[in-house]
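First comes the structure, then the notes that go with it.
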Amino acid sequence: MSENTEVAAPYGTGTAPRGAQPAKRVRVHHLRELKQRGEPWPMLTAYDMYTAELFDEAGIPVLLVGDSAANNVYGYETSLPVTVDELIPLVRAVSRSAKRALVVADLPFGSYQVSVEQAVATAVRFMKEGGAHAVKLEGGAAFAPHVRAITTAGIPVMGHIGFTPQSEHNLGGYRVQGRGENGDSVVADAVALQAAGAFAVVMEMVPAEVAKRVTHELDVPTVGIGAGPDCDGQVLVWQDMLGLRRAKAPRFVKRYADLAGVVLGAAERFAADVRGGEFPGPEHAFH
Ligand SMILES: Nc1nc(=O)c2c([nH]1)NC[C@@H]1CN(c3ccc(C(=O)N[C@@H](CCC(=O)O)C(=O)O)cc3)CN21
Ligand SMILES: CC(C)C(=O)C(=O)O
Ligand SMILES: [Mg+2]
(Lines give C-alpha, C1' and ligand atoms only; values in the text may rest on other atoms or scores of the structure.)
(Ligands and ions follow the chains in the order given, each with its own letter.)
Protein backbone atom coordinates (compact mmCIF):
# COMPACT_ATOMS: atom_id res chain seq x y z
CA MET A 1 0.00 0.00 0.00
CA SER A 2 1.53 3.33 -1.03
CA GLU A 3 1.89 6.05 1.61
CA ASN A 4 0.20 8.90 -0.24
CA THR A 5 -3.23 7.35 -0.70
CA GLU A 6 -3.80 7.56 3.07
CA VAL A 7 -5.83 4.38 2.98
CA ALA A 8 -3.99 1.46 4.46
CA ALA A 9 -5.66 -1.43 6.27
CA PRO A 10 -9.39 -1.01 6.90
CA TYR A 11 -8.90 -0.52 10.62
CA GLY A 12 -6.20 0.78 12.87
CA THR A 13 -3.95 2.37 10.30
CA GLY A 14 -6.32 3.95 7.78
CA THR A 15 -6.27 7.74 7.83
CA ALA A 16 -8.74 8.55 5.06
CA PRO A 17 -11.49 10.95 6.12
CA ARG A 18 -14.85 9.24 6.44
CA GLY A 19 -16.61 9.20 3.09
CA ALA A 20 -13.53 10.06 1.06
CA GLN A 21 -13.23 6.57 -0.39
CA PRO A 22 -15.62 3.70 -0.63
CA ALA A 23 -15.32 1.49 2.43
CA LYS A 24 -12.52 -1.02 2.14
CA ARG A 25 -13.62 -4.49 3.14
CA VAL A 26 -11.72 -6.23 5.90
CA ARG A 27 -10.06 -9.36 4.55
CA VAL A 28 -8.60 -12.33 6.34
CA HIS A 29 -5.07 -11.17 5.52
CA HIS A 30 -5.70 -7.93 7.42
CA LEU A 31 -6.34 -9.96 10.58
CA ARG A 32 -3.08 -11.80 10.13
CA GLU A 33 -1.31 -8.45 9.68
CA LEU A 34 -2.82 -7.20 12.94
CA LYS A 35 -1.43 -10.31 14.66
CA GLN A 36 2.01 -9.70 13.17
CA ARG A 37 1.91 -6.12 14.47
CA GLY A 38 0.71 -7.29 17.89
CA GLU A 39 -2.52 -5.24 17.68
CA PRO A 40 -5.47 -6.94 19.40
CA TRP A 41 -8.82 -6.63 17.62
CA PRO A 42 -12.48 -6.89 18.64
CA MET A 43 -15.20 -9.12 17.26
CA LEU A 44 -18.92 -9.03 18.14
CA THR A 45 -21.93 -11.05 17.21
CA ALA A 46 -24.61 -9.32 15.12
CA TYR A 47 -27.93 -10.72 13.97
CA ASP A 48 -29.67 -7.75 12.36
CA MET A 49 -29.32 -4.52 10.40
CA TYR A 50 -28.95 -1.86 13.11
CA THR A 51 -26.39 -3.70 15.19
CA ALA A 52 -24.41 -4.53 12.04
CA GLU A 53 -24.43 -0.87 10.93
CA LEU A 54 -23.46 0.48 14.34
CA PHE A 55 -20.74 -2.08 15.11
CA ASP A 56 -19.35 -1.55 11.60
CA GLU A 57 -19.27 2.22 12.13
CA ALA A 58 -17.63 1.67 15.52
CA GLY A 59 -14.76 -0.08 13.76
CA ILE A 60 -15.42 -3.67 14.75
CA PRO A 61 -13.57 -5.50 11.96
CA VAL A 62 -15.31 -8.88 12.27
CA LEU A 63 -19.00 -9.56 12.84
CA LEU A 64 -20.13 -13.08 13.70
CA VAL A 65 -23.67 -14.17 12.96
CA GLY A 66 -23.45 -16.74 15.73
CA ASP A 67 -25.54 -19.84 16.15
CA SER A 68 -26.02 -18.10 19.51
CA ALA A 69 -28.93 -16.45 17.66
CA ALA A 70 -30.64 -19.58 18.98
CA ASN A 71 -30.77 -18.23 22.53
CA ASN A 72 -30.35 -14.50 21.78
CA VAL A 73 -32.85 -14.07 18.93
CA TYR A 74 -35.09 -17.11 18.64
CA GLY A 75 -35.67 -17.83 22.32
CA TYR A 76 -34.29 -21.38 22.45
CA GLU A 77 -32.50 -22.39 25.62
CA THR A 78 -29.33 -23.59 23.89
CA SER A 79 -27.77 -23.29 20.46
CA LEU A 80 -28.65 -26.86 19.50
CA PRO A 81 -32.11 -26.34 17.89
CA VAL A 82 -31.33 -23.47 15.50
CA THR A 83 -31.31 -24.38 11.80
CA VAL A 84 -29.56 -23.21 8.65
CA ASP A 85 -32.89 -21.89 7.33
CA GLU A 86 -33.33 -19.81 10.48
CA LEU A 87 -29.80 -18.38 10.35
CA ILE A 88 -29.46 -17.53 6.65
CA PRO A 89 -31.89 -14.56 6.75
CA LEU A 90 -29.95 -13.11 9.70
CA VAL A 91 -26.66 -13.53 7.85
CA ARG A 92 -28.18 -11.79 4.85
CA ALA A 93 -29.34 -8.86 7.00
CA VAL A 94 -25.87 -8.44 8.51
CA SER A 95 -23.93 -8.82 5.26
CA ARG A 96 -26.21 -6.28 3.55
CA SER A 97 -25.65 -3.80 6.39
CA ALA A 98 -21.93 -4.01 7.20
CA LYS A 99 -19.86 -2.00 4.74
CA ARG A 100 -16.41 -2.83 6.06
CA ALA A 101 -16.61 -5.67 8.54
CA LEU A 102 -15.83 -9.23 7.57
CA VAL A 103 -19.05 -11.18 8.13
CA VAL A 104 -18.62 -14.70 9.49
CA ALA A 105 -21.54 -17.15 9.47
CA ASP A 106 -21.58 -19.76 12.24
CA LEU A 107 -22.55 -23.22 10.99
CA PRO A 108 -25.25 -24.58 13.32
CA PHE A 109 -25.37 -27.97 15.02
CA GLY A 110 -26.09 -30.78 12.57
CA SER A 111 -25.28 -28.81 9.44
CA TYR A 112 -21.66 -29.95 9.00
CA GLN A 113 -20.90 -32.84 11.37
CA VAL A 114 -22.54 -35.51 9.19
CA SER A 115 -19.90 -35.50 6.46
CA VAL A 116 -17.29 -33.41 4.70
CA GLU A 117 -19.70 -33.11 1.77
CA GLN A 118 -22.47 -31.81 4.04
CA ALA A 119 -20.04 -29.26 5.52
CA VAL A 120 -19.09 -27.89 2.09
CA ALA A 121 -22.72 -27.75 0.93
CA THR A 122 -23.79 -25.86 4.07
CA ALA A 123 -20.89 -23.43 3.85
CA VAL A 124 -21.78 -22.75 0.20
CA ARG A 125 -25.37 -21.94 1.20
CA PHE A 126 -24.21 -19.36 3.75
CA MET A 127 -22.01 -17.72 1.12
CA LYS A 128 -24.53 -17.81 -1.75
CA GLU A 129 -27.78 -17.16 0.11
CA GLY A 130 -26.46 -15.27 3.13
CA GLY A 131 -23.72 -13.20 1.52
CA ALA A 132 -21.25 -14.25 4.22
CA HIS A 133 -17.52 -13.71 3.71
CA ALA A 134 -16.44 -16.69 5.82
CA VAL A 135 -17.88 -19.48 7.94
CA LYS A 136 -17.10 -20.82 11.41
CA LEU A 137 -17.48 -24.31 12.77
CA GLU A 138 -16.86 -26.00 16.11
CA GLY A 139 -14.35 -28.80 16.52
CA GLY A 140 -10.65 -29.63 16.62
CA ALA A 141 -8.41 -32.04 14.72
CA ALA A 142 -11.37 -34.32 13.93
CA PHE A 143 -12.79 -31.51 11.79
CA ALA A 144 -9.58 -30.73 9.92
CA PRO A 145 -10.89 -32.56 6.80
CA HIS A 146 -14.07 -30.44 6.87
CA VAL A 147 -12.02 -27.24 7.22
CA ARG A 148 -9.71 -28.35 4.41
CA ALA A 149 -12.59 -29.12 2.03
CA ILE A 150 -14.46 -25.85 2.71
CA THR A 151 -11.26 -23.85 2.30
CA THR A 152 -10.53 -25.66 -0.95
CA ALA A 153 -13.98 -24.61 -2.15
CA GLY A 154 -12.80 -21.01 -1.74
CA ILE A 155 -14.45 -20.23 1.58
CA PRO A 156 -12.42 -18.96 4.54
CA VAL A 157 -13.01 -20.96 7.72
CA MET A 158 -12.73 -19.88 11.34
CA GLY A 159 -12.24 -22.72 13.82
CA HIS A 160 -13.70 -22.88 17.34
CA ILE A 161 -12.18 -25.03 20.09
CA GLY A 162 -12.13 -25.33 23.86
CA PHE A 163 -15.69 -25.23 25.16
CA THR A 164 -17.82 -25.82 22.07
CA PRO A 165 -21.47 -25.23 23.02
CA GLN A 166 -22.86 -27.54 20.32
CA SER A 167 -21.13 -30.41 22.18
CA GLU A 168 -22.28 -29.45 25.67
CA HIS A 169 -23.83 -32.85 26.31
CA ASN A 170 -20.60 -34.58 25.38
CA LEU A 171 -18.49 -32.12 27.37
CA GLY A 172 -20.60 -32.50 30.51
CA GLY A 173 -22.00 -28.98 30.61
CA TYR A 174 -20.62 -25.47 30.38
CA ARG A 175 -17.09 -25.92 31.66
CA VAL A 176 -13.56 -24.81 31.07
CA GLN A 177 -11.65 -27.08 28.67
CA GLY A 178 -7.93 -27.76 28.53
CA ARG A 179 -7.01 -27.64 32.21
CA GLY A 180 -3.88 -29.54 33.29
CA GLU A 181 -2.67 -32.19 30.89
CA ASN A 182 -5.64 -31.51 28.56
CA GLY A 183 -3.93 -28.26 27.55
CA ASP A 184 -1.80 -30.15 25.04
CA SER A 185 -4.86 -31.38 23.13
CA VAL A 186 -6.16 -27.80 22.80
CA VAL A 187 -2.81 -26.82 21.28
CA ALA A 188 -2.89 -29.87 18.98
CA ASP A 189 -6.44 -29.03 17.83
CA ALA A 190 -5.46 -25.44 17.03
CA VAL A 191 -2.39 -26.55 15.10
CA ALA A 192 -4.45 -29.08 13.12
CA LEU A 193 -7.04 -26.43 12.20
CA GLN A 194 -4.36 -24.03 11.02
CA ALA A 195 -2.71 -26.79 8.98
CA ALA A 196 -6.11 -27.53 7.40
CA GLY A 197 -6.38 -23.91 6.27
CA ALA A 198 -8.33 -22.13 9.01
CA PHE A 199 -7.77 -18.35 8.89
CA ALA A 200 -8.41 -17.90 12.63
CA VAL A 201 -9.31 -19.99 15.67
CA VAL A 202 -11.79 -19.07 18.40
CA MET A 203 -10.94 -20.42 21.86
CA GLU A 204 -13.83 -20.49 24.32
CA MET A 205 -13.31 -20.99 28.06
CA VAL A 206 -9.75 -22.28 28.09
CA PRO A 207 -7.15 -21.37 30.72
CA ALA A 208 -5.36 -18.13 29.87
CA GLU A 209 -1.95 -19.85 29.87
CA VAL A 210 -3.12 -22.43 27.33
CA ALA A 211 -4.61 -19.72 25.11
CA LYS A 212 -1.33 -17.82 25.30
CA ARG A 213 0.60 -20.93 24.22
CA VAL A 214 -1.78 -21.49 21.29
CA THR A 215 -1.57 -17.84 20.24
CA HIS A 216 2.24 -18.00 20.15
CA GLU A 217 2.19 -21.35 18.38
CA LEU A 218 -0.10 -20.24 15.52
CA ASP A 219 0.61 -17.90 12.62
CA VAL A 220 -3.12 -17.27 12.18
CA PRO A 221 -4.99 -15.17 14.76
CA THR A 222 -6.69 -16.59 17.82
CA VAL A 223 -9.93 -15.06 19.13
CA GLY A 224 -10.73 -15.51 22.80
CA ILE A 225 -13.98 -15.70 24.74
CA GLY A 226 -13.06 -16.57 28.29
CA ALA A 227 -9.52 -17.33 27.12
CA GLY A 228 -7.55 -14.54 28.77
CA PRO A 229 -5.79 -11.42 27.52
CA ASP A 230 -3.19 -12.96 25.20
CA CYS A 231 -5.43 -13.95 22.28
CA ASP A 232 -5.10 -11.88 19.10
CA GLY A 233 -8.80 -10.99 19.11
CA GLN A 234 -11.61 -10.96 21.66
CA VAL A 235 -15.25 -11.80 20.97
CA LEU A 236 -18.44 -11.30 22.96
CA VAL A 237 -22.13 -11.83 22.28
CA TRP A 238 -23.50 -8.31 21.78
CA GLN A 239 -26.47 -8.66 24.12
CA ASP A 240 -24.01 -9.58 26.87
CA MET A 241 -21.63 -6.70 26.04
CA LEU A 242 -24.45 -4.13 26.00
CA GLY A 243 -26.35 -5.50 28.98
CA LEU A 244 -29.52 -6.33 27.07
CA ARG A 245 -29.52 -9.88 28.39
CA ARG A 246 -30.40 -9.82 32.06
CA ALA A 247 -29.59 -13.41 33.01
CA LYS A 248 -26.45 -13.86 35.08
CA ALA A 249 -23.62 -13.43 32.63
CA PRO A 250 -20.71 -15.87 32.29
CA ARG A 251 -17.49 -14.77 34.02
CA PHE A 252 -15.90 -13.76 30.69
CA VAL A 253 -18.50 -11.03 29.99
CA LYS A 254 -17.83 -7.34 30.58
CA ARG A 255 -20.93 -5.12 30.38
CA TYR A 256 -20.40 -1.78 28.63
CA ALA A 257 -23.99 -0.54 28.89
CA ASP A 258 -27.33 -1.29 30.53
CA LEU A 259 -29.56 -1.60 27.48
CA ALA A 260 -32.07 -3.68 29.42
CA GLY A 261 -32.54 -0.77 31.81
CA VAL A 262 -32.80 1.75 28.98
CA VAL A 263 -35.35 -0.34 27.08
CA LEU A 264 -37.41 -1.21 30.14
CA GLY A 265 -37.50 2.41 31.36
CA ALA A 266 -38.49 3.76 27.94
CA ALA A 267 -41.19 1.13 27.40
CA GLU A 268 -42.63 1.90 30.86
CA ARG A 269 -42.67 5.65 30.15
CA PHE A 270 -44.35 5.06 26.77
CA ALA A 271 -46.97 2.85 28.40
CA ALA A 272 -47.60 5.43 31.14
CA ASP A 273 -47.91 8.24 28.56
CA VAL A 274 -50.48 6.30 26.54
CA ARG A 275 -52.46 5.32 29.62
CA GLY A 276 -52.33 8.89 30.94
CA GLY A 277 -53.34 10.46 27.64
CA GLU A 278 -49.93 12.19 27.34
CA PHE A 279 -49.07 10.53 24.04
CA PRO A 280 -49.63 11.42 21.27
CA GLY A 281 -49.35 15.17 21.78
CA PRO A 282 -50.50 17.75 19.22
CA GLU A 283 -47.03 17.67 17.61
CA HIS A 284 -47.47 13.98 16.76
CA ALA A 285 -50.87 14.36 15.10
CA PHE A 286 -51.88 15.56 11.62
CA HIS A 287 -54.41 18.35 11.22
N1 LIG B 1 -25.70 -14.62 25.41
C2 LIG B 1 -24.82 -15.58 25.13
N3 LIG B 1 -23.54 -15.41 25.46
C4 LIG B 1 -22.60 -16.36 25.17
O5 LIG B 1 -21.41 -16.16 25.49
C6 LIG B 1 -23.02 -17.54 24.47
C7 LIG B 1 -24.37 -17.66 24.14
N8 LIG B 1 -25.24 -16.68 24.48
N9 LIG B 1 -24.85 -18.76 23.48
C10 LIG B 1 -23.93 -19.73 22.96
C11 LIG B 1 -22.75 -19.87 23.81
C12 LIG B 1 -22.99 -20.50 25.16
N13 LIG B 1 -21.95 -19.89 25.94
C14 LIG B 1 -21.84 -19.97 27.31
C15 LIG B 1 -22.96 -19.91 28.09
C16 LIG B 1 -22.87 -19.98 29.46
C17 LIG B 1 -21.65 -20.12 30.07
C18 LIG B 1 -21.59 -20.19 31.56
O19 LIG B 1 -22.61 -20.34 32.21
N20 LIG B 1 -20.42 -20.09 32.15
C21 LIG B 1 -20.29 -20.04 33.61
C22 LIG B 1 -19.82 -21.35 34.16
C23 LIG B 1 -18.39 -21.69 33.83
C24 LIG B 1 -17.86 -22.87 34.62
O25 LIG B 1 -18.63 -23.68 35.09
O26 LIG B 1 -16.64 -22.96 34.76
C27 LIG B 1 -19.33 -18.90 33.96
O28 LIG B 1 -19.45 -18.39 35.09
O29 LIG B 1 -18.53 -18.49 33.13
C30 LIG B 1 -20.52 -20.16 29.29
C31 LIG B 1 -20.61 -20.08 27.89
C32 LIG B 1 -21.19 -18.96 25.17
N33 LIG B 1 -22.13 -18.57 24.15
C1 LIG C 1 -19.61 -16.96 21.24
C2 LIG C 1 -19.26 -17.05 19.79
C3 LIG C 1 -17.82 -17.39 19.59
C4 LIG C 1 -20.16 -17.99 19.05
O5 LIG C 1 -19.80 -19.04 18.59
C6 LIG C 1 -21.57 -17.61 18.91
O7 LIG C 1 -21.94 -16.47 19.25
O8 LIG C 1 -22.35 -18.44 18.42
MG1 LIG D 1 -21.39 -20.25 17.94
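Pick out the one residue from VAL186, VAL147 that is closer than 24 Å to PHE252 by Cα, in a helix (DSSP H, G or I) and modelled with pLDDT of 95 or more.
None of the others qualify; the one that does is VAL186.
Mind checking which pairs have a first residue in the stretch 152-173 that is free of Cβ contacts under 8 Å to residues at least 24 places away in the same chain and a second that is within 13 Å of ligand 1 (Cβ to nearest atom) and of a type outside the set (S, T, N, Q), Cβ under 8 Å, 6 or more apart or different chains?
Sorted first by the residue in the stretch 152-173, then by its partner, the pairs are LEU171/PHE163.
Pull up the stretch 158-173, narrow it to residues that are loosely packed, with under 13 Cβ neighbours inside 10 Å and in a loop (DSSP other than H, G, I, E, B), then point me to the one that is farthest from ligand 3 (Cβ to nearest atom).
GLY172
Could you check how many residues of the stretch 207-249 are of a type in the set (Asp, Glu) and over 16 Å from GLN194 (Cα atoms)? Please lay out each step first, then the result.
Taking the stretch 207-249 and keeping what is of a type in the set (Asp, Glu), we get 209, 217, 219, 230, 232, 240.
If we keep only those that are over 16 Å from GLN194 (Cα atoms) as well, we get 209, 230, 240.
Qualifying residue count for the region: 3.
Quick check, is GLY75 part of a loop (DSSP other than H, G, I, E, B), more than 22 Å from ALA144 (Cα to Cα) and free of Cβ contacts under 8 Å to residues at least 60 places away in the same chain?
yes
Can you confirm whether ALA227 is within 14 Å of ligand 2 (Cβ to nearest atom), surrounded by 11 or more Cβ atoms within 10 Å (Cβ to Cβ), more than 17 Å from the chain's Cα centre (by Cα) and in a loop (DSSP other than H, G, I, E, B)?
no
Could you tell me how many of the residues in the stretch 123-139 are buried (at least 22 other Cβ atoms within 10 Å of the Cβ) and over 18 Å from the mean Cα position of the chain (by Cα)?
0
Here are some conditions: (1) within 13 Å of ligand 1 (Cβ to nearest atom); (2) farther than 21 Å from VAL28 by Cβ; (3) not in a helix (DSSP H, G or I). ALA260 meets all but one. Which one does it not meet?
Failed condition: (3).
Residues VAL191, VAL214: which one is over 19 Å from the mean Cα position of the chain (by Cα), within 16 Å of ligand 2 (Cβ to nearest atom) and either modelled with pLDDT of 95 or more or not assigned by TED's automatic domain parsing to the domain that holds VAL103 (or both)?
Of the residues listed, the single one that is over 19 Å from the mean Cα position of the chain (by Cα), within 16 Å of ligand 2 (Cβ to nearest atom) and either modelled with pLDDT of 95 or more or not assigned by TED's automatic domain parsing to the domain that holds VAL103 (or both) is VAL214.
Can you find a residue in the stretch 104-125 that is β-branched (Val, Ile, Thr) and touching an Asp or Glu at 6+ places or on another chain (Cβ under 8 Å)?
Taking every residue of the stretch 104-125 in turn, none turns out to be β-branched (Val, Ile, Thr) and touching an Asp or Glu at 6+ places or on another chain (Cβ under 8 Å).
When both residues are 6+ apart or on different chains and their Cβ atoms are under 9 Å apart, which pairs have a first residue that lies in the stretch 219-240 and is under 12 Å from ILE161 (Cβ atoms), and a second that is charged (D, E, K, R) and within 13 Å of ligand 3 (Cβ to nearest atom)?
Filtered contacts from the stretch 219-240: GLY224/GLU204; ILE225/GLU204; ALA227/GLU204.
Taking the stretch 178-200, which residues are away from ligand 1 (no atom under 16 Å from the Cβ) and among the aliphatic types (A, V, I, L, M)?
Scanning the stretch 178-200 gives VAL187, ALA188, ALA190, VAL191, ALA192, LEU193, ALA195, ALA196, ALA198, ALA200.
The values are calculated or read from the model by the stated rules, or taken from the named source; none is laboratory data. The shown structure was predicted, so the numbers you read here are calculated from the model rather than taken from an experiment. Positions of Cβ are generated from backbone atoms using ideal geometry, with glycine treated the same way; all protein chains shown enter the neighbour counts.
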